[in-house]
Structures are given as C-alpha cells and as structure tokens.
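The values are calculated or read from the model by the stated rules, or taken from the named source; none is laboratory data. Predicted model, so just to flag it, every value in this text is computed and none were measured. Note: ideal-geometry Cβ built from the backbone for every residue, glycine included; neighbour counts use all protein chains shown.
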Amino acid sequence: MTAPVKDSDRSHWVNRSPLSLRPYLQLSRLDRPVGYWLLALPGWIGLAFASLSHGFASSDQKWAALILIGAIAMRGAGCTYNDIVDQDLDAQVERTALRPLPAGTVTTKQAWIWLFAQCAVGLVVLLCLPRLAQIISLCSIPLVAAYPFMKRITWWPQLWLGLTFNWAVLVAYAAKTGTVSLPLFILYAGLIFWTVGYDTIYACQDIEDDMKIGVKSTARRFGKRVKLGVAVSYMACVILVFISVAKEVLPSKEVYETLEEHSVSIDISGSGVFLIIFLPISLFALHLLWQLVTFKPDSSKNSLRKFKSNFWAALALIIPLLIIGNIH
C-alpha cells in the first residue's frame, strides 16, 4: 500500500488516486502544490514586472499558462530527479522515508522513465516560447542538475535553489519583451534572497535529521540566529525588488533627453513616484515581515505553514505590479 508522505495533506486528491498511479504523482510532489507554484510565480512576477515598461498584451495570458504548465512538469521532473539522487538519504529522514523510492513503491528504472515523460511535457512548452526565452530556459539545466548535490558540498544549498527556482522570471520577461534588462537581473537577485529566506524556514523542519546524516543547509548554518538569517535575506529581497521596480518604471537619462528633444516633458510628482514604486512592494514586504514575526523555528508545523504562505507573498507582489503596469 502507498501511504501518504508525512508532510502531505491526507485529504489531497493525490492520496485518493489509484494505487498504481499514486507513487508517480507523489514523485512529482503533486500532493504539495506550493512547490510548483513557487516555481511558476516568479514567471508571473516577470510578466507583471515587464508590464511596468511594456504594458499589458493579449499574449501575456498565453505566456502565463505556458509558464504554469512548464512549472508543473519541470518541478515534477526536478523532484523525481532529486528523489533518484537522494533515495538513500531520504530513507534516513523521518519526513521523507515514505517517499516512493525509499518506500519501494516504484523502482529507480520506473522513476527515470517518469522523469523523461515529464521532461517531454517541458519540451513541448519550450518549443512554444520565442527563441530568446528558449535559450534562457535551456541555460537553467546545469542549475537543476547540480541542485541535489549542493546540500552535500555547501552550507548554502538554499542559495542554489534560489538561482534555480527563480529562473522563470528571466524566461517570462524575455518571452514578453524579446529582451532582458539590468532591472530584470536586479529583480532576479532579489527573488533569490526571497527563496533563501523561505527555504531556510522550510529547512528548519529537518535540522535534527540533517545533523545525523550530514546534510547541510542555511537553517543549520544560521543555527540559533536563524531568524536573523531569514530577516537579512528578506530585507535584501525587498531592497533589491524596490531598486528593480524603480529602474524599470523611471525613464533613463537617455530617454529623458530624447523626449526633451521632441518637446515632450515628463512630470512625475512625489505622490506619483510613491504610488508607482512603493505600492507594488509594500504588501509583499509586509507579508514577509509577518512571516518573520510569527516564525517559530522550533515548530515544524509553523515552519511548514510559513513556507506555504509564500504563495500569497508572491500574489501580493504580482497584483500591484499588474495594476501599476496597466495605469502607468
């Protein structure tokens, strides 16, 4: 019998699916949808961010749908690959011991077949993207392939996860605009710190088991100062997101000079600057502050709830960006 994994919602449809199919759905972590949302939402952030300078286009809905489909497929493929690599470690950790490979409900060969099937879906999504977005997407493969090994060689696997999980922001921006920009890379850097923060919270669930088997994490690295570590990560995130929005919204010196040559003046009042720059990040920043204030590192349930709440943190950034992008 295939039992629910410890941190899986027992009422989730995956845990009521046919027994022959259930292990594959568990390999893909479809019973824990927050994971693929945290892979897709940076892509949606990228689309909303691009609207600040490029406005809203009818194709945005297509890109958003493709990003979600690709995120579900590639997050599933990534988790399957991670479980293949980590099956011996997972067998030693209480939270992961019932995953399909250590539990023996699928074989390693079957897991590889399932991995390639999910990659095929990702390939279909890739072929639907513009050329630059395709190239950027392919550049993420080394990051994905190396991630499962990071917790063996560095105290900062969460930083590598941030590089990997937020790659969709680059893909989405390139798909919408056909280019990349400095503000985009600043935004990407900010989202990396966001991931370091929320995955440090997540890693607090496994500190004791990780110590026993020698797995490294920022949660272990920060130790008793884990809340300070999360606070610094979130603060860096908010600052970088603010800078990126400011640079994306406010015209450059060259743009001002060109407009002046054509007798076009720009008057951005103080209240306008506040609305355009501060509003998109204020709700996001407040949500991160709420996480930090209510975070209890010694409580596994609290850590999991705070981790999952980052779905709402992302929406708190996306929605204001879309609103400003459509009126700016």
Problem - Test for Val106: is it under 22 Å from Ile239 (Cβ atoms), surrounded by 20 or more Cβ atoms within 10 Å (Cβ to Cβ), touching a residue at least 60 places away in the same chain (Cβ under 8 Å) and of a type in the set (Val, Ile, Thr) - result: no
Problem - So Phe222, is it modelled with pLDDT of 60 or more, within 19 Å of the chain's Cα centre (by Cα) and aromatic (Phe, Trp, Tyr) - result: no
Handout entry: the range 149-166 - residue that is more than 18 Å from Asp210 (Cα to Cα) and polar (S, T, N, Q) and, of those, surrounded by the most Cβ atoms within 10 Å (Cβ to Cβ)
Key = Asn166
Exercise for the section: Kindly list, by first and then second residue, each pair from a residue in the range 78-98 that is closer than 16 Å to Tyr36 by Cα to a residue that is among the aromatic types (Phe, Trp, Tyr) and not in a loop (DSSP other than H, G, I, E, B), limited to pairs with Cβ atoms under 8 Å and residues at least 6 apart or on different chains. Expected result: Gly78/Tyr147; Thr80/Trp114; Asn82/Tyr147
Exercise for the section: Look through Leu129, Leu115 and report the one residue that is in a helix (DSSP H, G or I) and in contact (Cβ under 8 Å) with a residue 12 or more places away in the chain. Expected result: Leu115
Handout entry: Lone unmet requirement of (1) without any contact (Cβ under 8 Å) to a residue 60 or more places away in the chain; (2) surrounded by fewer than 23 Cβ atoms within 10 Å (Cβ to Cβ); (3) closer than 24 Å to Ser137 by Cα for Phe222
Key = (3)
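Taking Thr96, is it β-branched (Val, Ile, Thr) and part of a helix (DSSP H, G or I)?
Details: β-branched (Val, Ile, Thr): yes; part of a helix (DSSP H, G or I): no.
When the stated conditions are applied, Thr96 does not pass them.
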Handout entry: Breaking point among (1) in contact (Cβ under 8 Å) with a residue 12 or more places away in the chain; (2) part of a helix (DSSP H, G or I), for Leu228
Key = (1)
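Against the definition (in a helix (DSSP H, G or I), more than 20 Å from Tyr234 (Cβ to Cβ) and in contact with a helix residue (DSSP H, G or I) (Cβ under 6 Å, 6 or more places away or on another chain)), how does Ala189 come out, yes or no? I'd like the intermediate steps shown before the answer.
Working: in a helix (DSSP H, G or I): yes; more than 20 Å from Tyr234 (Cβ to Cβ): no; in contact with a helix residue (DSSP H, G or I) (Cβ under 6 Å, 6 or more places away or on another chain): yes.
Against the criterion (in a helix (DSSP H, G or I), more than 20 Å from Tyr234 (Cβ to Cβ) and in contact with a helix residue (DSSP H, G or I) (Cβ under 6 Å, 6 or more places away or on another chain)), Ala189 does not qualify.
Would you check if Ile207 is under 21 Å from Arg32 (Cα atoms), surrounded by fewer than 24 Cβ atoms within 10 Å (Cβ to Cβ) and either modelled with pLDDT of 95 or more or out of contact with any Ser or Thr (no Cβ under 7 Å at 6 or more places or on another chain) (or both)?
Values: under 21 Å from Arg32 (Cα atoms): yes; surrounded by fewer than 24 Cβ atoms within 10 Å (Cβ to Cβ): yes; either modelled with pLDDT of 95 or more or out of contact with any Ser or Thr (no Cβ under 7 Å at 6 or more places or on another chain) (or both): yes.
Here the answer is yes, as Ile207 does meet what is asked.
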Handout entry: Among the candidates Ala145, Ala168, residue that is hydrophobic (A, V, I, L, M, F, W, C) and closer than 19 Å to Ala50 by Cβ
Key = Ala168
Completion exercise
The condition of being free of Cβ contacts under 8 Å to residues at least 24 places away in the same chain and either within 20 Å of the chain's Cα centre (by Cα) or in a helix (DSSP H, G or I) (or both) holds, among Leu41, Leu30, Leu25, Leu52, only for Leu25
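One line per residue, one yes/no per condition, for (1) modelled with pLDDT under 70; (2) surrounded by fewer than 17 Cβ atoms within 10 Å (Cβ to Cβ):
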| site | (1), (2) |
| --- | --- |
| Ser265 | yes, yes |
| Val273 | yes, yes |
| Leu279 | no, yes |
| Phe284 | no, no |
| Trp290 | no, yes |
| Thr294 | no, yes |
| Lys301 | no, yes |
| Leu304 | no, no |
| Asn310 | no, no |
